[in-house]
1. Sort TRP53, TRP119 so the one with the fewest other Cβ atoms within 10 Å of its own Cβ comes first.
2. Given the -39500 (n - 2.57) contribution per DSSP H run of 4+ residues, what per-residue ellipticity at 222 nm results for the chain, rounded to the nearest 500 deg cm²/dmol?
3. Length gain on complete extension for the stretch ARG148 to VAL96, per 0.36 nm per residue less the alpha carbon to alpha carbon distance?
4. Which ³J(HN,Hα) values, rounded to whole Hz and listed in residue order, are derived for the stretch 92-103 from phi using the Karplus coefficients 6.51, -1.76 and 1.60 in 6.51 cos²θ - 1.76 cosθ + 1.60 with θ = phi - 60°, glycine and proline given as x?
5. Using θ = phi - 60° and the Karplus form 6.51 cos²θ - 1.76 cosθ + 1.60, what ³J(HN,Hα) does each residue of the stretch 27-40 get, whole Hz, x for Gly and Pro?
6. For GLN25 and ARG120, what does the FRET efficiency come to when R0 = 30 Å and r is the distance between their Cβ atoms, rounded to the nearest 0.05?
7. Identify which of the listed values of Rg and Dmax of the Cα atoms in Å was calculated from the structure shown: (i) 19.8, 73; (ii) 15.6, 47; (iii) 17.2, 58.
Amino acid sequence: MPTDPARIARGAAAGAVAATVWALQQPADQRVFGVAYDDTELLGKLVTRGPAWRPVGFAMHVANGAAFGAGYAAVRDRLPLPAAARGPFVAMVENVASWPGVAAADRLHPARDELPKLWRTPGAFPQATWRHLLFGVVLGEVERRLNR
């Protein structure tokens, strides 16, 4: 099946929007779940320290969302699911597949002493699941509207 570059670009835009929504709502879900886990901090402090981690981490998070959205746009029609379930499904698969990586991050991340330990924190996986579900819903709906 040929790939339409414009469709992929619109998928990337949808992923960037979904990642932005995720990042902006994090302070609220930190209060709800009681875990000070911030994905932009995890990413930003991977490459820099000081106040620069915030914009760097935000940019990395949005870029990751765009890459995910581009991939999603390329494969979504092959998923044997109702349109509304496709975005949440792929986001949940990614959540479950990537979660074991937090055990490594707890031990190996360059800023591990500044970050909350996630692997054994009871609310961290539900918080990550909420974030991925939100991302998937927004991604699926925005991508569907952009790629009618």
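Where a number appears in this text, it was derived from the coordinates with a stated rule and is not lab data. Note that the structure is predicted; figures quoted are calculated from it, not measured. Quick reminder, even Gly has a Cβ in these numbers, built from the backbone with ideal geometry, and neighbours come from all protein chains shown.
1. Least crowded to most crowded, the residues run TRP119, TRP53.
2. Taking each H run of at least 4 residues, the total per residue is -24500 deg cm²/dmol.
3. My answer for the length gained is 15.8 nm.
4. Per-residue couplings from phi come out as 5, 4, 5, 4, 5, 5, 8, 4, x, x, 5, 4 Hz.
5. With coefficients 6.51, -1.76 and 1.60, one gets x, 5, 6, 5, 5, 5, 8, x, 10, 7, 7, 10, 4, 5 Hz.
6. In this case the efficiency is close to 0.75.
7. Derived directly from the coordinates: (ii).
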